[in-house]
Every structure is written in structure tokens, then in C-alpha cells.
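**Q** I'd like to ask you about the structure that follows.
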Amino acid sequence: MTKPLFTALQAATQPDPYPYYTELLQGPLLPYDTASGCYLGSRVAVISGVLQHPVARVRPVGQPVPAALQGHRCGEVFAALLRMTDGSRQQQLKVILQRQLAAITPAQLTDICEAVLHEAIGSVRPDATQINQLIYQTPVRVMAQFLGMQPAAARLAATAIADFVRCLPAQADAADVSAADAAVLQLQQLIQHCLQDATSWSAALSDEFGTTAVQVAAANLLGLLSQSYEATAGLIANSLIRCNQQPDLAPKDQRQALLFVREVSRFDPPVQNTRRFLAEDAVIAGQHLPAGATILLLLAAAGRDPQHWTAPDQFRPYDRPGHSAVATDLSFSLGAHQCPGRQLAEQIAALVLLVVWPHFRDLRQGAELRWHYQPSVNGRLAWFHFDKGAH
Ligand code: HEM
């Protein structure tokens, strides 16, 4: 394999990581990468196997919470998140969460999303700053309103969540943890208000979680804000980049927009990788791996696996062969931790894309469009700049 100019953990934010993923897909099934200290999974079959393997866990054994978060409010939330825990309790609560999320109808979602978009842009033509804000704040504001927050509270939640997510990367430092702690305090107050309203979605979820899991419910309501935040924004941003590259394919209605964001989530996904830690020795892809091994699952590489996809490097939103088999598109993961917000995220992204793309197209006509990816080891989160005077 040609030596790449970046490591596996830097791939997510490279301008074009896909030739690197393609090389991995042509190499051994589960190579060990010394730079990251991880085994690298890139193929659909290998990643699916790991995600469904009984000894592959979301946290290293004996370390349910990262050391930097221990003893902090954000550490308590982290420890209660379904995303960060394994086992039968996680699965029971996840079934409830999935059922409650599935009860949200497309019509309810459209109403809230349109109201948030209208409030954000109204009749003004958004500038570059407002475009980035719309992309990064709309999904979480929609989610916050679903939890039961009023629009003003949802705006506060959208700002606070940006501070909370600072504690999630492994390299979070003391400043990140303290910003996250302050955000948790504010978010818990906003969520308590929702829980006090017996008719709210949050109260219904908490009731179903039961009296022994009131704190767990509150933590996971905060978790829903954090999960809906960057990944959905990244899906919208990557979809706008695709519209910009192939404007003839830009969606014209909600049905097309849904197909478009689905193909973007395979072709250029916002969550490029996730990790699993082996709790015991295991044989994976025919290879013996020791307990304690870390496997980096390159979900974005799986979207280009030629064993699984026809013409994987072609962007074909409206005639992708076999795209109904969403279960094996791994961009929303699989198994115990498969994303329960997929439908919601796709619908929000499609609605926002349809509204924002015409403004985006107008803006880039009088300016040079550039973007950079925000620092992250797993998120591919574009941030746009429109340089005036370039034309
Ligand atoms: C409304 C928006 C969203 C909500 C409410 C949401 C919610 C969640 C939740 C609660 C989990 C944890 C599930 C568990 O561990 O059992 C999760 C996992 C996940 N979500 Fe989402 N999500 C949203 C958007 C997205 C988007 C846009 C993507 C990427 C395209 C995404 C990708 C993932 C992935 C990859 C995982 C699992 C990671 C792993 O298995 O290690 N999510 N999501």
C-alpha cells in the first residue's frame, strides 16, 4: 500500500480520504495500524461482524468513563448514555427509546423543522455566517423542541450542546471538561422543565424508563441533543458540498431530498468511524485478536466496498442499485448501538437541504466557496467560507 500522508485517525478531516479507504479495501482484512494502535476494519463484512460481536464493547473494560471526566457532572452523564454502555439494561432502554422516536410522525417533524427554519431566516437572505449557523443549529433546535422546549429554550440548548460535546473526544482537556460541566448544568435545567410538563415527549420517555431510571432518562434526553447535533449538521453540510459539485443532481422535492441525503450518508458520511474494544480474546475475520485490542471501524470506507456496492465511487442518489438494503449501509452503525435517530436525521437533513441549497447557490455565485473540516477524529463536519470579490 502507498504510504498515506495522513493516519487513519486523521482521515475524517482530509479533503479526500477516499483513495486511502480504497487502498485499505484492497489490502488485508484487519491490518494493525501502529500509528493509532488500532486494528483497522474497512469492509462491510468485517465491520458488520465486529459491530455484532458479543465481546466487542463501546468502552475499554474497566474504564466506563474517560479518566479526565471522572468526578465531573459531564462524566456522570457520559456513564449513563446508552451510546456509551453495553448489556441487557442498555438494550431494554434502547427498545423504549426507539419506540418513542418512531412515534414522531413526519408531519410533526416537518411542522417543527419549518418553524425553526422560518424563525432563523424568515424572509432575509442568509449570509455565510447564518448559513453555517442554520446548518449547525437547526437539527438540535428541532430535537430540543421535540423534547418539549419552547423555541427560546431550544436556542439556549443549541448553544450549550456545543460546549457539552467538547468533553467527548479522548483528548478533551480541563478547559473542555469545565465548559462541558457548565453546559450540563444548564441543559439539565432545561430538561427538567420539559420533564415537569406531563404532556411532553420527554415525560413520556422518562415514564417508560421507570422510576428507577429517572436520572438515566434525563442523561439520555441530553444525549439525544448531543447525538442529533454534529452528525446531522455534517450530513447537511456534506449534502450541500455534493449539490455544489453536481448541481444537476440537486434535489427538487422532499422525496428526492431524502434519496439524496441517503446517498450522501453512504458516499461521504459525517460519522467516518467508530471504535470497539475487545473484552475477551476473539477470532475476527479469521484472525486471533487479544482481549484489550481496539478496532477502528472505518464506516466511511465500508460505503465504498466494491464487494457490497455496485459502482461505489459513483454518486447515484436516484438510481443507486440496491439502496433499499439500508440495513447494510453502515453509516448509521449496526447491532446494539445502531443509530435510533436515522429516520429523524434523514428527514431533518432533507428538509434543511431543500431550504438552504437555493440560498447557498446564490451566495457562491458572487463569491469563491471554500470549506474546511472542523477538527475531529471521527466527524467529517464541513464549515463554509464564501470569499467575496473572487469573481
Ligand atoms: C436526529 C438526529 C440523531 C439522533 C437523535 C441520533 C441518536 C443516536 C443515539 C441515541 C445513538 C446511540 C445508540 C446506542 O448506542 O444504542 C446513536 C448512535 C449512532 N448514530 Fe445517531 N442520531 C442522530 C443522527 C445521526 C446521524 C446524522 C448520523 C450519521 C450519518 C448518526 C450516526 C450514528 C452512529 C454511527 C451511531 C453509532 C456509533 C457506534 O455504533 O459506535 N446519527 N445515534
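The values are calculated or read from the model by the stated rules, or taken from the named source; none is laboratory data. Keep in mind that what you see is a predicted model, and the values were worked out from it rather than measured. Here the Cβ is made from the backbone with ideal geometry for all residues, glycine too, and neighbour counts use every protein chain on show.
**Q** Scan the range 203-246 for residues that are surrounded by fewer than 17 Cβ atoms within 10 Å (Cβ to Cβ) and among the acidic types (D, E) and report the count.
**A** Residues meeting the conditions: 2.
**Q** Among the listed residues A144, A153, identify the single one that is more than 22 Å from the chain's Cα centre (by Cα) and closer than 27 Å to V352 by Cβ.
**A** Details: A144 fails: more than 22 Å from the chain's Cα centre (by Cα).
Just one listed residue meets the conditions, A153.
**Q** Kindly provide the set of residues from the range 268-284 that are more than 7 Å from the ligand (Cβ to nearest atom) and outside any strand (DSSP E or B), ordered by number.
**A** Result: D268, Q272, N273, A279, E280, D281.
**Q** Is it true that some residue in the range 110-131 is among the aliphatic types (A, V, I, L, M), touching a Cys at 6+ places or on another chain (Cβ under 7 Å) and touching a residue at least 60 places away in the same chain (Cβ under 8 Å)?
**A** No - not one qualifying residue is present in the range 110-131.
**Q** When the residues of the range 314-334 are narrowed to those that are in a loop (DSSP other than H, G, I, E, B) and exposed (fewer than 12 other Cβ atoms within 10 Å of the Cβ), which ends up modelled with the highest pLDDT?
**A** Q314
**Q** Could you tell me whether the range 278-297 includes any residue that is more than 23 Å from the chain's Cα centre (by Cα) and of a type in the set (D, E, K, R)?
**A** Yes: the range 278-297 contains one or more residues that are more than 23 Å from the chain's Cα centre (by Cα) and of a type in the set (D, E, K, R).
**Q** Residues A291, A257: which one is crowded, with 23+ Cβ neighbours inside 10 Å and more than 12 Å from the ligand (Cβ to nearest atom)?
**A** A257
**Q** Within the range 147-167, work out how many residues are within 19 Å of A217 (Cα to Cα) and out of contact with any Leu (no Cβ under 9 Å at 6 or more places or on another chain).
**A** 1
**Q** Next question. I want to confirm something. Restricting to the range 72-113 and keeping residues that are small (G, A, S) and over 17 Å from Q227 (Cα atoms), which single residue is farthest from the ligand (Cβ to nearest atom)?
**A** A107
**Q** Oh, and also: So, in the range 104-124, exactly how many residues are part of a loop (DSSP other than H, G, I, E, B) and loosely packed, with under 11 Cβ neighbours inside 10 Å?
**A** 4
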